[in-house]
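S.K.: Below is the structure I would like to discuss, written out as structure tokens.
The values are calculated or read from the model by the stated rules, or taken from the named source; none is laboratory data. Just so you know, these numbers come straight off a predicted model, no measurement behind them. So basically every Cβ, Gly included, is an ideal-geometry build from the backbone, and we count neighbours across all protein chains shown.
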Amino acid sequence: MDAQQLKVAVVGTGAWGEQHARLFAQRQDTTLCAVAGRDPGRTEARAHAYGATPYTDVDAMLATEQPDLVTVCLPNEAHFAPTMHLLGTGVALLVEKPLVFDLTEADALLAAASERGTFFSINLNHRYAEPVQLAHRAIADGTLGDVVFVTWRFGGEPNWGTSPHGNLIETQVHGLDMIEHLCGPITSVMAQMYDGTRPGTFTTVAVAFELAGGGVGTLLGTYDSSYAYPDTHRLEVNGTLGRVVVEDTVRRFSLSLAGDETARVWQAGYFDDEARGFHRTFDRHVDAVLAALRAGEAPPVHARAGRRALELAHAIIRSAEQGVRIVTAPTV
């Protein structure tokens with residue numbers, strides 16, 4: 001695929017779907033050709049706001065526009081059927097997390113993509129935050145030594161759905177992916193869950209886990225907090241030689257070496273609005289997605305990563321229900 005402008009269609013007209021429309025309409029190397037949605041009024045308003053053509057029929061949109069890439073940004077529990085339908089057409093896809101809520105559905109989607117050799121990417125955009133990339137570099141180059149422990153805490157206002165495990169599957173997917181992205185496979189989990197604020201819906205989860213490299217870790221994810229709080233997100237990786245801390249995903253990175261009271265700190269500079277903006281982590285991910293698509297390469301974050309996070313989430317659910325440790329060595 002050459003360097004000409006790529007035609008991109010966005011399926012979905014929600015709040016995060018607007019980030020998709022914004023990005024592809026503003027880029028110099030893409031054209032937002034279409035916005036597809038279920039509600040004609042909302043779809044028309046979103047499409048016209050970004051200079052695209054509205055559609056309420058995805059097949060008509062594909063036939064008319066012939067996009068190079070379709071992005072899918074729908075309600076969390078409505079991902080499977082539209083994604084499977086699009087995979088049947090062979091069009092390249094970038095889908096929002098979570099992949100789905102059911103492992104059987106996840107396997108069906110991956111099998112469909114594999115059968116057709118379809119470009120199938122998932123937007124786990126936390127990986128592209130500047131502090132996270134600095135942390136990844138420090139771990140990969142051995143600055144921290146061997147990872148001893150990692151901890152992830154993240155949460156705010158709820159995003160209610162019908163699943164009792166929306167917090168874990170929809171929101172903490174980022175933490176499950178991030179821990180493995182930075183520290184390698186999680187090989188076992190033990191969990192506790194809380195449903196006191198909404199009986200039957202597990203709004204807070206605490207997990208202890210073991211890493212393949214011998215380290216251990218914790219994850220605390222919650223819907224019983226607020227994104228208005230300072231330090232609503234904290235990621236810490238402690239090794240034998242040093243420690244990195246990521247604060248609020250994009251706000252601050254610090255690297256400390258054992259025995260040294262002076263830390264190395266990154267924060268976005270006065271004019272660096274791009275690096276301090278959470279939504280811009282999506283822009284960075286799309287840079288990598290489009291580069292891979294043009295080069296005929298695999299996605300930088302394949303949908304398999306969404307399946308793996310879901311596999312871990314289901315193991316955490318079983319652990320909490322059964323009161324036992326669950327082995328989670330990767331199976332795909």
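S.K.: Check Val8 against each of (1) within 20 Å of His279 (Cβ to Cβ); (2) part of a loop (DSSP other than H, G, I, E, B) and name the one condition it does not meet.
M.R.: (2)
S.K.: Out of all the residues in the range 225-235, is one or more over 20 Å from the mean Cα position of the chain (by Cα), under 27 Å from Thr143 (Cα atoms), surrounded by fewer than 19 Cβ atoms within 10 Å (Cβ to Cβ) and assigned by TED's automatic domain parsing to the domain that holds Val132?
M.R.: no
S.K.: Shifting gears a bit: Does the range 195-212 contain at least one residue that is closer than 30 Å to Gly259 by Cβ, at pLDDT 95 or above and not in a strand (DSSP E or B)?
M.R.: Within the range 195-212, one or more residues are closer than 30 Å to Gly259 by Cβ, at pLDDT 95 or above and not in a strand (DSSP E or B).
S.K.: Please tell me if Asn167 is touching a residue at least 12 places away in the same chain (Cβ under 8 Å), polar (S, T, N, Q) and in contact with a Phe, Trp or Tyr (Cβ under 6 Å, 6 or more places away or on another chain).
M.R.: Taking the combined requirement at face value, the residue satisfies it.
S.K.: Could you tell me whether the range 199-211 includes any residue that is touching a Phe, Trp or Tyr at 6+ places or on another chain (Cβ under 9 Å), within 28 Å of Leu99 (Cβ to Cβ) and among the acidic types (Asp, Glu)?
M.R.: No, every residue in the range 199-211 fails to be touching a Phe, Trp or Tyr at 6+ places or on another chain (Cβ under 9 Å), within 28 Å of Leu99 (Cβ to Cβ) and among the acidic types (Asp, Glu).
S.K.: Suppose the filter is in contact with a Ser or Thr (Cβ under 9 Å, 6 or more places away or on another chain) and touching a residue at least 12 places away in the same chain (Cβ under 8 Å); does Ser226 pass it?
M.R.: yes
S.K.: Go through the range 59-74 and give me each residue that's of a type in the set (Val, Ile, Thr) and buried (at least 21 other Cβ atoms within 10 Å of the Cβ).
M.R.: Those that are of a type in the set (Val, Ile, Thr) and buried (at least 21 other Cβ atoms within 10 Å of the Cβ): Val70, Thr71, Val72.
S.K.: What number of residues within the range 285-297 are part of a helix (DSSP H, G or I) and either more than 22 Å from Glu18 (Cβ to Cβ) or more than 13 Å from the chain's Cα centre (by Cα) (or both)?
M.R.: Here the count works out to 9.
S.K.: Looking at (1) aliphatic (A, V, I, L, M); (2) within 30 Å of Val327 (Cβ to Cβ); (3) in the same structural domain as Leu176 (by TED's automatic domain parsing); (4) in contact (Cβ under 8 Å) with a residue 12 or more places away in the chain, which one does Ala303 not meet, given that it meets all the others?
M.R.: Tallying (1) aliphatic (A, V, I, L, M); (2) within 30 Å of Val327 (Cβ to Cβ); (3) in the same structural domain as Leu176 (by TED's automatic domain parsing); (4) in contact (Cβ under 8 Å) with a residue 12 or more places away in the chain, Ala303 fails exactly one: (3).
S.K.: Within the range 243-274, track down each residue that is in contact with a helix residue (DSSP H, G or I) (Cβ under 8 Å, 6 or more places away or on another chain) and aliphatic (A, V, I, L, M).
M.R.: Val244, Val246, Val250, Leu255, Ala268
S.K.: Hey, does the range 6-19 have a residue that's at pLDDT below 95 and of a type in the set (Phe, Trp, Tyr)?
M.R.: Looking for residues that are at pLDDT below 95 and of a type in the set (Phe, Trp, Tyr), one finds at least one in the range 6-19, hence yes.
S.K.: Please work out if Ala206 is aliphatic (A, V, I, L, M), closer than 27 Å to Val147 by Cα and free of Cβ contacts under 8 Å to residues at least 24 places away in the same chain.
M.R.: Taking the combined requirement at face value, the residue satisfies it.
S.K.: Now for a separate question. Of the residues that make up the range 117-133, is at least one outside any helix (DSSP H, G or I), outside the structural domain of Gly239 (by TED's automatic domain parsing) and among the aromatic types (Phe, Trp, Tyr)?
M.R.: yes
S.K.: Among the residues that make up the range 265-276, is at least one of them under 30 Å from Gly90 (Cα atoms) and part of a helix (DSSP H, G or I)?
M.R.: no
S.K.: Can you tell me which of (1) within 21 Å of Glu96 (Cβ to Cβ); (2) surrounded by 16 or more Cβ atoms within 10 Å (Cβ to Cβ); (3) within 18 Å of the chain's Cα centre (by Cα) is the one Asn159 doesn't meet?
M.R.: Tallying (1) within 21 Å of Glu96 (Cβ to Cβ); (2) surrounded by 16 or more Cβ atoms within 10 Å (Cβ to Cβ); (3) within 18 Å of the chain's Cα centre (by Cα), Asn159 fails exactly one: (2).
S.K.: Under 6 Å by Cβ, and 6 or more places apart or on different chains, what pairs join a residue from the range 73-90 that is farther than 11 Å from Gly14 by Cβ with one that is among the charged types (D, E, K, R) and assigned to a helix (DSSP H, G or I)?
M.R.: Sorted first by the residue in the range 73-90, then by its partner, the pairs are Phe80/Glu105; Gly90/Arg116.
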